Amino acid sequence: MAIRFLTSGESHGEKLNAIIEGIPYGYELDFDFINSELASRQQGCGRGGRMKIEKDTIKILSGVRFSTTTASPIALEIENKDWQNWIYPMSVEKINFNKVNAKLKKEIEEKINDKKITKLRPAHADLAGTIKYGFDDIRYVLERSSARETATRVAVGAICQNILKYYDISFISEIISIGLCKDKNNFENYIKDFQKEGDSLGGVIKITIKNPPVGLGSFNHWDNRLDGKLAQAMMSIPAVKCVEIGLGKEYAKYSGHQSHDEIFEENGKIYHKTNNSGGIEGGMSNGEDIILKIAMKPIPTMKKALNSIEIKTHKKTKAHFERADNCAVEACGTVARNMAAIIILDAFLDKFGKDCKRDIDLAFQNYQKRINET
Ligand code: EPS
């Protein structure tokens, strides 16, 4: 493994942060590109009022000098502008209760209680999260499990995309369907119809990784297989319930003769005429574009709430509703292509070197030379 990263931050906390380890020395970063990926994640029909408040931009705190990576850990942050509107209940958690007088303590507790959430939302992390940790307030679960955290993943992924651009590897995501609608021109109306009903939607997204070199990943160990790593990264995105590579589940319907990609050679170049395997065979990239498809379930927070129960009393109730998106499939596509970039850069550095751009460039060129000779 070449790259590791951790994120921190709550949806309505002051800031979101990430620390990335393993970015080599010598890559000039394009902050306009990174910020354009952050802006892309904020787009799409179905987003709620929050996106009008935020304008996500990256602030680098370490690991970059004169726009160029230094090989030190990169720390970054993204501001939550909305935090100003959530001083209660978010920042009071930082107040040392032992040091405030009884009257003020009571006032603060009342304000926290005002924002306490106890009605579990089906399909969200609420039920398992509150039981697991013993919380009596869903807010503790909601704040960290919120898809707001994916902003930091996009920032990390955009840095990885930026580096992979030097090797002509790029990432595209496109929406295939929203709910049952497959007509791109009709997505907006379809989403709005469900929005009017207080209902939510998911969808299917295709991710294309263009021009990866052959041989990323490995057949040697389960945890080095590129398809396994990509699948884990995709499934880790909130609300994603299914990942397919190439033909995916359709593969099972065909015979080997009907589906496997035959191998050809012309002027020393090896290629396939079809790409049913989605660019991965034996846990390694095979030189074709890598094609993933992911399915996102509908957003769990809905104005027209589902039947549920209260955490403590177990009394019947309608699920909690507060401002939320009713469809975030487009945002999910941006997150997915950036998560894919993290995995591809990790595999790329495993193969070509981890320290500095000059060495990596030479190793990459040398590998291409060897492939073209055989
Ligand atoms: C989210 C609820 C909404 C979304 C949020 C994810 O936020 P809020 O509760 O502040 O209205 O907008 O997504 C983001 C903030 C984001 O940046 O993607 C949830 O409950 O998961």
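Could you list the square roots of 5 times each eigenvalue of the Cα gyration tensor of the stretch 4-373, that is, the equivalent ellipsoid semi-axes, sorted largest first and rounded to whole Å? Display every interim value, and only then the final one.
Working: eigenvalues 330, 143, 59 Å².
They are 41, 27, 17 Å, listed largest first.
What whole number of Å gives the distance from the Cα centroid of the stretch 56-108 to the Cα centroid of the stretch 282-346?
25 Å
For Thr7, Thr150, what ranking results if the residue with the fewest other Cβ atoms within 10 Å of its Cβ goes first?
Neighbour counts put them in this order, fewest first: Thr7, Thr150.
Quickly work out the Ala128-to-Met1 label distance, labels modelled 7 Å from Cα along the C-beta direction, and quote it in nm with one decimal.
2.0 nm
Of Ser173, Ile309, Ser8, which is farthest on the positive side of the dipole of the chain, counting Cα position, with +1 on Lys and Arg Cβ, -1 on Asp and Glu Cβ, and the Cα centre as origin?
Value computed over the given set: Ile309.
What percent of all Cα-Cα pairs in the stretch 6-47 falls in each 5 Å bin, counting up from 0?
6, 14, 13, 26, 23, 11, 6, 2, 0
Using Cβ contacts closer than 10 Å as the measure, can you line up Thr208, Thr274 from fewest to most?
Neighbour counts put them in this order, fewest first: Thr274, Thr208.
Tell me which aspartates and glutamates have Cα within less than 13 Å of Lys111's Cα, excluding those fewer than 8 residues away on the same chain?
Here the aspartates and glutamates satisfying the reach criterion relative to Lys111 are Glu93.
For Thr7, what is the net charge nearby, where nearby means another residue's Cβ is under 12 Å from its Cβ and Lys, Arg count +1, Asp, Glu -1?
+2
Using label points projected 7 Å from each Cα along Cα→Cβ, tell me how many nm separate Ser170 and Glu188, to one decimal.
2.5 nm
For the stretch 190-262 and the stretch 113-173, write down the distance between their C-alpha centroids in whole Å.
Using only Cα atoms to place each centre, the spacing works out to 20 Å.
Where Lys and Arg each count +1 and Asp and Glu each count -1, what net charge lies around Ser218 among other residues with Cβ under 15 Å from its Cβ? Numbers along the way, then the final one.
On the way: positive: Arg225, Lys229, Lys351; negative: Asp223, Asp227, Glu281, Asp346, Asp350.
Taking every other residue near Ser218 into account, the sum is -2.
Cut-off is 10 Å between beta-carbons; in what order do Asp223, Asp56 appear when sorted fewest neighbours first? Display every interim value, and only then the final one.
Numbers: Asp223 11, Asp56 22.
Going from least to most buried by this count: Asp223, Asp56.
Taking the simple approach of a point 7 Å from Cα along Cα-to-Cβ for both Lys210 and His260, what is their distance in nm?
Calculated label separation equals 3.1 nm.
Return one number: the angle in degrees, 0 to 90 and rounded to the nearest 10, between the long axis of the Cα atoms of helix 31-41 and the longest principal axis of the Cα atoms of the chain.
Once rounded, the angle reads 60 degrees.
DSSP loop (so not H, G, I, E, B), at most 10 other Cβ within 10 Å: list which trypsin sites (Lys or Arg not before Pro) in the stretch 98-134 pass both filters.
none
What lysines sit close enough to Lys351 to cross-link, taking a C-alpha to C-alpha distance under 17 Å and skipping anything fewer than 8 places away on the same chain?
Straight-distance partners of Lys351: Lys165, Lys229, Lys369.
Set the bar at 32 Å for Cα to Cα. Now go through Lys106/Lys312; Lys273/Lys293; Lys241/Lys316; Lys59/Lys94; Lys55/Lys116; Lys249/Lys318 and name every pair that lies beyond it.
Violating the 32 Å limit, Cα to Cα: Lys249/Lys318.
For the stretch 271-312, what's the radius of gyration and Dmax over Cα atoms, in angstrom?
Cα only, the stretch 271-312: 20.6, 61 Å (Rg, Dmax).
Could you give the length gained on full extension between Asn366 and Leu180, defined as 0.36 nm per residue of separation minus the Cα-Cα distance, in nm?
Full extension from Asn366 to Leu180 adds 62.2 nm.
List, in the order given, every pair from Lys119/Lys304; Lys15/Lys103; Lys192/Lys297 whose Cα-Cα distance in the structure shown is over 20 Å.
Exceeds cut-off: Lys15/Lys103.
Could you give me the radius of gyration and the Dmax of the stretch 117-247, taking only the C-alpha atoms into account and expressing both in angstrom?
18.5, 52
Quick note: the coordinates plus some simple rules give every number you see, no bench work behind them. Being a predicted model, the structure only gives us computed values, none of them experimental. We place every Cβ from the backbone using ideal geometry, glycine too, and count neighbours over all the protein chains shown.
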